[in-house]
Amino acid sequence: MTLEEKASLMSGANFWNTKAIERLNIPSIMLTDGPHGLRKQGGKADHLGLNKSLPATCFPTAATLANSWDRGLIYDVGQTIGREAASEKVSVLLGPGLNIKRNPLCGRNFEYFSEDPYLTGELASEMVKGIQSNGIAACPKHFAVNSQEHMRMTIDEVVDERSLRELYLEGFRRVVEKSKPKTIMTSYNRVNGTFANENNYLLQDILNGEWGFDGVVVTDWGGNNDRVAGLKAGNQLEMPSTNGITDKEIVQAVRNKELAEGVLDEAVDRLLELVYTTQLHDRDASHIDYEEHHNEAVDAAKRSIVLLKNDDNILPLARNNKVAIIGDFARNPRYQGAGSSLINPAKLSNAVDVLNQSGLSIVGHTKGFKRMGGADNGLLREAVTLAAQADTVLLFLGLDEGSEAEGIDRVNLSLRENQLDLLRSLTKVNSNIVVILAGGGAIEMPFVHDVKAIVHTYLSGQGSAEALASILLGEYNPSGKLSETFPIAYGDVSSAPYYPGKEATAEHIEGIFIGYRYFDTAQKPVLFPFGYGLSYTTFAYSDLAVDQYQASFTITNTGSVAGEEVAQLYIQKQNSSIFRAKRELKGFEKVFLEPAESKRVTIMLEEHDFAYFNPTAHRWVVEPGAYDIQIGSSIQSIHLNEEITLEGDSIPSDHTKENFPHYFSGQVHKVTAVEYKRLLGYEPPAPYWDPKQDLGLNDTIAQARYKNLLGKSIYHVVFFFKRFFDAVNKPLLANNVYFVLNMPFRQIDRFTGGKISRKQILKVLKWINR
């Protein structure tokens, strides 16, 4: 191969395909979006969900599937999505997403599994195995520490070594070692000062070195900063096409001896291995039974929906009761997120139609509120009138399409005020209200004591209506358990004072104390705890036997209907000399039981489950002493406990109470600047932009508002369009304009394929900096 040919393979041919070299019979392969379904665009391509894609099965999002705690189910979902991808000649499916939910406001949390790295790694591994069983590649993303959408292309995620290892990398480690993904996608952001895509520590030392990854590292779309630095660090494929701009940079670097040609050769070898093991050009397209796949989507949704409250056993619904259906989401379901994961569902029904066909005595449906907010007294009166005629009200509430999406974070955890006003009005005329929520994550619920039942569907995919109906009618016994903690109020969240990073950096001052690790350790009350979910039956736990390598116990269905229980294993270190979470999830099993049936369950353990990462020793260490092995139905409902003692490693740590008093107690809202600096091991960089500094290629249009009239004008024009699209209820367009505001200038020539040249961009920057 010529130098130019080798360099050409390091970037895409277009938006979705790698380059072919006909002279050498090297084919092109296609990569496309797909965390919870195939998004293959048939026409003009984009990465933001603007243009419609081909019909495909829309499964529940990762945040929803995680509530199933069902490894086998998630393997099957991955296998089906992979089958549809292979039938469309897609070689690389861009997913699953497995970033850790540091904060519930992250706009892309619906694409991620959990706040817990063990649960994330276990479930994502099954998804990868399922996808790759079709002979194609999965692409776990976004490596690493992509914890916010605001300023995601430039933000520097400043995180200490222990938190990085124990939280933000641990899920990826499990996926790489357990499921051997063929590709991994890097994130846009910096990690401790260096862009993830050119971060030698992340890519070379950890991913390739410690974990033994031997696949292809691909950029997120437009995620390249310095092409040669990325190649040296271990990135093989830049997407999308840059019209040869960065290929020339690689050739020039080799000729100038800035890049060893051997580094390029290794990158080409990895890419060709991917191309030849996943190319589908000579494979006959398999027939896809979309009706069968729809039924699989319904089943996945049933197993993932969470019953949060059920006073007086109001559910399942009595068929002779008169039922009112209220809420816009009942007719126009919110069943998926927005952005690059936006699926064009092959089939879609709604709750109104499905429930009307169910045999229930439905007295009517009314919209109840304006979806995008704002008062409407006419809709409110109609809803109150209908509710007064019913025995039970099914009230469909949730987050609209503008509330959570790729590229933009949530503003708060609240439902829109008009929805809350409606609920308050309905409680005055009907006491039997069942709230059915839709949304990609945690929601504040000031109404929790005012309603009889709460069902959270999350974003349940195209089968959400049928799945919900089967639960409401008792045809399926709900078995979902929360994979994240629901706080009472957003201010209770550990990272609330620090999130998001507004300008230059995102400081992870809370350290390892996110999600239940914080609430449980700091003894902070929550709305619903991690691992929580109700059933129409009850379960009893007994006969725990443990050693260092396994825990065995018995579960019995003590109720009158069949059901599934998620048994959870937590490990708690007694009298730890270092700061750590009170307890951590280290195992789980989902078990189906008939009434009065018992089963013996065994959960295997390994040394790593007891270890913490010691930054001084730069390795995982098991602290000597006593550990409690706890079995529960949630983190707050521990039913069995046995103690074991481990010899451990006699390696000292400075993460002691004396050095880190507020971390030791979990009181991370009180962490001092001295403590945080000690945790990092260096002075944290300035969190805000310097408005006096000239703008460069890595700065954003948002920063131009601090500059001269030209800079201010560019910013305000773009911001005007965002406000305009918000005003005309076009949330997806508004969010994508916001994405442009946060785009660094270096990306403009690459996203436009050179139509706006780097020379032109530098000229504009020169004018702005005058």
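The values are calculated or read from the model by the stated rules, or taken from the named source; none is laboratory data. Worth saying up front: this structure is predicted, and the values here are computed from it rather than measured. Glycine also receives a Cβ, built like all others from the backbone with ideal geometry; neighbour counts cover every protein chain displayed. Accessible surface is based on the protein model in full, side chains and every heavy atom, while ligands, DNA and RNA are left aside. Shrake-Rupley method; radii C 1.70, N 1.55, O 1.52, S 1.80 Å.
Going through the range 482-495 one residue at a time, which ones are open to solvent by 20 Å² or more (accessible area, probe 1.4 Å) and touching a residue at least 24 places away in the same chain (Cβ under 8 Å)? Matches in the range 482-495: Ile488, Ala489, Tyr490, Asp492. Kindly provide the set of residues from the range 539-589 that are open to solvent by 40 Å² or more (accessible area, probe 1.4 Å), touching a Gly at 6+ places or on another chain (Cβ under 7 Å) and free of Cβ contacts under 8 Å to residues at least 60 places away in the same chain, ordered by number. Residue satisfying the conditions is Asn575 alone.
One line per residue, one yes/no per condition, for (1) in contact with a helix residue (DSSP H, G or I) (Cβ under 7 Å, 6 or more places away or on another chain); (2) touching a residue at least 60 places away in the same chain (Cβ under 8 Å):
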residue	(1), (2)
Val218	no, yes
Asn225	yes, yes
Gly234	yes, no
Leu237	yes, yes
Thr242	yes, yes
Thr246	yes, yes
Gln252	no, no
Glu258	yes, no
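Taken together, Ser483, Ser431, Ser425 contain a single residue that is within 30 Å of Leu38 (Cβ to Cβ) and of a type in the set (Ser, Thr, Tyr), which is Ser483. For residues in the range 642-697 being free of Cβ contacts under 8 Å to residues at least 24 places away in the same chain and of a type in the set (A, V, I, L, M, F, W, C), which is nearest to Ile768 (Cα to Cα)? By that ranking, first place goes to Ala673. The residue pairs whose first member lies in the range 509-522 and is more than 13 Å from Val493 (Cβ to Cβ), whose second member is of a type in the set (Gly, Ala, Ser) and part of a loop (DSSP other than H, G, I, E, B), and whose beta carbons are closer than 6 Å, counting only pairs six or more residues apart or on different chains, are Thr521/Ala581; Thr521/Gly666. Would you confirm whether or not the range 511-533 contains a residue that is buried (at least 19 other Cβ atoms within 10 Å of the Cβ), aliphatic (A, V, I, L, M) and assigned to a strand (DSSP E or B)? Scanning the range 511-533 turns up no residue that is buried (at least 19 other Cβ atoms within 10 Å of the Cβ), aliphatic (A, V, I, L, M) and assigned to a strand (DSSP E or B). Based on what the data block shows, is Arg255 open to solvent by less than 60 Å² (accessible area, probe 1.4 Å) and among the basic types (Lys, Arg)? For Arg255, the condition - open to solvent by less than 60 Å² (accessible area, probe 1.4 Å) and among the basic types (Lys, Arg) - is not met. Just name the residue that is farthest from the chain's Cα centre (by Cα) out of those in the range 236-250 that are under 21 Å from Leu274 (Cβ atoms) and among the hydrophobic types (A, V, I, L, M, F, W, C). Here the residue is Ile250. Listed by position, the helices (runs of 4 or more DSSP H) inside the range 718-770 whose residues that are within 25 Å of the chain's Cα centre (by Cα) and touching a residue at least 60 places away in the same chain (Cβ under 8 Å) number at least 3 are 731-741. In the range 1-91, counting only helices (runs of 4 or more DSSP H) that sit wholly within it, the ones holding 3 or more residues that are modelled with pLDDT of 95 or more and over 17 Å from the mean Cα position of the chain (by Cα) span 3-8, 71-87. Evaluating Phe486 against the criteria (1) out of contact with any Asp or Glu (no Cβ under 6 Å at 6 or more places or on another chain); (2) more than 30 Å from Glu296 (Cβ to Cβ) leaves one unmet condition, (2).
Residue by residue, here is whether (1) farther than 30 Å from Thr194 by Cβ; (2) crowded, with 24+ Cβ neighbours inside 10 Å holds:
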site: Thr427; (1), (2): yes, no
site: Gly480; (1), (2): yes, yes
site: Tyr498; (1), (2): no, no
site: His508; (1), (2): no, yes
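Looking only at residues in the range 673-706 that are under 22 Å from Arg152 (Cβ atoms) and charged (D, E, K, R), the one that is least open to solvent (accessible area, probe 1.4 Å) is Asp699. Any residue in the range 268-277 that is open to solvent by less than 10 Å² (accessible area, probe 1.4 Å) and at positive phi? There is no residue in the range 268-277 that is open to solvent by less than 10 Å² (accessible area, probe 1.4 Å) and at positive phi. Restricted to the range 220-278, the set of helices (runs of 4 or more DSSP H) holding at least 2 residues that are of a type outside the set (A, V, I, L, M) and closer than 18 Å to Lys182 by Cα comprises 261-278. Residues in the range 185-211 that are of a type in the set (Asp, Glu) and in contact with a Gly (Cβ under 9 Å, 6 or more places away or on another chain): Glu198 only. Please tell me if Phe396 is touching a residue at least 60 places away in the same chain (Cβ under 8 Å) and among the aromatic types (Phe, Trp, Tyr). Yes: the conditions hold for Phe396.
Residues that are at pLDDT 95 or above and farther than 18 Å from Ile638 by Cβ occur in the range 563-573; there is at least one. Asn225 satisfies every condition listed in (1) open to solvent by 10 Å² or more (accessible area, probe 1.4 Å); (2) modelled with pLDDT of 95 or more except (2). Do the conditions hold for Arg39, that is, is it among the charged types (D, E, K, R) and either crowded, with 24+ Cβ neighbours inside 10 Å or in contact with a helix residue (DSSP H, G or I) (Cβ under 6 Å, 6 or more places away or on another chain) (or both)? It is true that Arg39 is among the charged types (D, E, K, R) and either crowded, with 24+ Cβ neighbours inside 10 Å or in contact with a helix residue (DSSP H, G or I) (Cβ under 6 Å, 6 or more places away or on another chain) (or both).
Among the residues of the range 155-181, those that are under 14 Å from Phe143 (Cα atoms), assigned to a helix (DSSP H, G or I) and of a type outside the set (Asp, Glu) comprise Leu164, Arg165, Leu167, Tyr168, Gly171, Phe172, Arg173, Arg174, Val175, Val176. Looking at Cys106, is it more than 12 Å from the chain's Cα centre (by Cα) and open to solvent by less than 10 Å² (accessible area, probe 1.4 Å)? Against the criterion (more than 12 Å from the chain's Cα centre (by Cα) and open to solvent by less than 10 Å² (accessible area, probe 1.4 Å)), Cys106 does not qualify.
Could you list, in sequence order, the residues of the range 186-207 that are part of a strand (DSSP E or B), over 18 Å from Lys101 (Cα atoms) and either open to solvent by less than 10 Å² (accessible area, probe 1.4 Å) or of a type in the set (A, V, I, L, M, F, W, C) (or both)? Within the range 186-207, just Phe195 meets the criteria.
Residues in the range 645-672 that are more than 31 Å from the chain's Cα centre (by Cα) and crowded, with 17+ Cβ neighbours inside 10 Å: Ser653 alone.
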